[in-house]
1. Output needed: percent of Cα pairs per 10 Å distance bin for the protein assembly as shown, bins running from 0 to the one holding the longest distance.
2. Using C-alpha positions alone, give me the convex hull volume of region B:1-129 per residue in cubic angstrom.
3. Residue by residue, what Karplus-based ³J(HN,Hα) values in Hz, rounded to whole numbers, does region B:206-215 have, using 6.51, -1.76 and 1.60 with θ = phi - 60° and x for Gly and Pro?
4. Please report the net charge: other residues with Cβ closer than 9 Å to the Cβ of B:A196, K and R +1, D and E -1.
5. Need the C-alpha centroid separation for region A:162-190 versus region A:77-126, integer Å.
6. Which far-off residues, 5 or more places away or on another chain, put their amide H under 5 Å from the one on B:M119, with H placed in the peptide plane?
7. Per-residue HN-Hα couplings for region A:96-113, Karplus 6.51 cos²θ - 1.76 cosθ + 1.60 at θ = phi - 60°, whole Hz, x for Gly and Pro?
8. Tell me which residues come under 5 Å, amide H to amide H, from B:D21 once H is placed; ignore anything under 5 positions away on its chain.
There are 2 protein chains.
Amino acid sequence: MSKLRVQCFAISLDGYGAGTDQDLQNPLGVRGPELMEWFFATNLWKQMHKLGEGERGIDNRMAERGFENLGAWILGRNMFGPIRGDWPDDAWKGWWGDVPPYHVPVFVLTHHARAPLEMKGGTTFHFVTDGIESALAQAKAAAGERDVRLGGGVATIREYLKVRLVDEMHLAVRPVLLGEGESLLGGLDLRALGYAVDESIAGERATHMIIRKHA
Amino acid sequence: MSKLRVQCFAISLDGYGAGTDQDLQNPLGVRGPELMEWFFATNLWKQMHKLGEGERGIDNRMAERGFENLGAWILGRNMFGPIRGDWPDDAWKGWWGDVPPYHVPVFVLTHHARAPLEMKGGTTFHFVTDGIESALAQAKAAAGERDVRLGGGVATIREYLKVRLVDEMHLAVRPVLLGEGESLLGGLDLRALGYAVDESIAGERATHMIIRKHA
């Protein structure tokens, strides 16, 4: 059955899933890139960005897993761009240029309606204004037998976790201290929500934890 | 120079350093033992408790490191026992029986004065009522050239971190979700306090992170 999966989502040792002050210059927030350094070294990332060969170890394998069997994505609005409030125009088309790395329908959660945006390479951004459950229903309809990947950010993942809609979550725990930022799990009783850690896999630059919904 | 070290301190993936509702039946709090399962399997633990041979892998090596070059310990009162408020009498002598596993002076932080308690095997418990800096000064005087280990619990470690008195902290990140408990790092900006993660070491049942004070 089609699952909702969080993949390759990095958190710091102190539990932050994003840095502070996200803007055009800091799409991952200030110090956010430290969270993703494990990913930037992988062959998958290097190939995606035409940067030559990358490492083909455990981190790379975990990165690859994150893209397997995906039929749709869901993104919080801040993952799509730095604009808040109404869309001033249709100029902003995401962080990724003309050919975004999704290649499937992507459902962007927002309070502000906007026409679908068809990009090159198979990605179409759909803007969903009627909530997370609607976005999931639309994404599952688009994905068919395949899974839906929940890209983030922190606030969006927390919303889906609170109502037990996430089936599987792969966190990459990084040996860094951010000190401040958005806490992914703070105040969220995942255990009471029926989640458990099923696997812990030591990678080159992160410890990969696989959490699944059980109860 | 003599250092103040936190060692072998386990936290869950969701950041808790202890379970809830510590009492006589649950010295580590409810579900607290899940944090320490990495330690219970080690040869060090098994030998300490005369339980035969244990594992001699990375977790064991990290456990052994925790006991090297120690001249004194500091414990928060809850690490010493479940009694709160005034000491009713001198009957409570710690969780550990007649021969506690310290074998050096141990300084217990409390608001309630009590005479020193000399145990077998070299451990003497001293009860310190004038604060964490006094406890550290007394422990360092007792330890001489050797280091002082800060045993916990969570609240005590946080107090020492806030005033930058911890020199080194070894955390064992466990692949478990406690859901609730005492957060070790929540709301504490270790980075601003000058701390950084220097090492990440994959053990059998925990990922060991070594944090040191730099700035």
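Every read-out reported here was derived from the displayed coordinates using simple, explicitly stated rules and does not represent laboratory data. Model, not experiment: these values are computed from the prediction. In this analysis, Cβ positions are derived from the backbone assuming ideal geometry, glycine residues included, and neighbour counts consider all displayed protein chains.
1. So the P(r) values, bin by bin, are 4, 20, 28, 21, 13, 8, 4, 0.
2. It is 135 Å³ per residue.
3. The phi angles translate into 7, 9, 8, 10, 10, 10, 10, 7, 10, 6 Hz.
4. Computed value for this residue: +2.
5. 24 Å
6. B:T124, B:F125
7. Coupling constants for region A:96-113: 10, x, 6, 10, x, x, 9, 6, 8, x, 10, 9, 9, 7, 7, 8, 10, 4 Hz.
8. Amide H to amide H, under 5 Å and 5 or more residues apart or across chains, B:D21 pairs with B:V30.
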